[in-house]
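See below for the structure under consideration.
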Amino acid sequence: MANRIKITVMGNSYYISTDGNEARVREIEAKLNSQLEEIIDGRPNLSTMDAFVVLALNLMDDLSSGEESTDRMREQLTQYLEDAARARMELEEARRENDRLRRELEQLRAAGNTH
């Protein structure tokens, strides 16, 4: 069930509906206001709308960077999984070879005891 929560951004009130918890919404509200204040403090001639545009651009840049980072991590994880699979196959092959050599050694010892 969606919660209806009132938030205030730059002195304007908005009601949002969310399935998330209110504490998380409050964190987002505080962060949004803080970032907008920082933008306006750095560029006092900006209108509120321009501050929102700058914030949107900053957030899109952060999102894009995060997606690129996630893609790189996925690629690394895929490589690690491939390396692990290759290592498991090599280990299994080494175990089979070890078992084969052990059987061969036992056969040689058994053959040596019969003479």
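Every number in this text was worked out from the coordinates using simple rules, so none of it is lab data. Note that this is a predicted model, so its numbers are computed, not measured. Cβ sites come from the backbone with ideal geometry, for glycine too, and all protein chains shown count toward neighbours.
Backbone geometry of region 5-21 corresponds, through the Karplus equation with coefficients 6.51, -1.76 and 1.60 at θ = phi - 60°, to 3J(HN,Hα) couplings of 10, 8, 10, 10, 10, 6, x, 9, 9, 9, 10, 10, 10, 8, 8, x, 7 Hz, x marking Gly and Pro. Based on C-alpha pairs under 8 angstrom that are at least 6 apart in sequence, the chain has a relative contact order of 13 percent. The amide H of VAL9, built 1.01 Å from its N in the peptide plane, has TYR14 as neighbours under 5 Å, considering only residues 5 or more places off or on other chains. Net charge in the neighbourhood of ARG74 (other residues with Cβ under 11 Å of its Cβ; Lys, Arg +1, Asp, Glu -1) is -3.
All other residues whose Cβ lies under 14 angstrom from that of VAL53 are scored, Lys and Arg at +1 and Asp and Glu at -1, for a net of -1. For the chain, the longest principal axis of the C-alpha atoms and the axis of helix 48-113 are separated by about 10°. Using the Cβ of ASP83 as centre and a radius below 13 Å, the other residues enclosed give a net charge of -1, where K and R count +1 and D and E count -1.
In the chain, the DSSP-assigned H stretches of four residues or longer account for a calculated mean residue ellipticity at 222 nm of -28000 deg cm²/dmol, using -39500 (n - 2.57) per stretch and the full residue count as denominator.
The GNM of the chain, with springs linking C-alpha atoms under 10 angstrom apart, assigns the highest mean-square fluctuation among GLU37, GLU82, GLU93 to GLU93.
Mind running the shape call on region 1-73? Use the C-alpha gyration tensor, a ≥ b ≥ c as the square roots of the eigenvalues: rounded below 1.5 for a/c, prolate if a/b tops b/c, oblate otherwise. Here region 1-73 falls in the oblate category. In the elastic network of the chain, a GNM with C-alpha springs shorter than 10 Å, the most mobile of GLU104, GLU22, GLU68 is GLU104.
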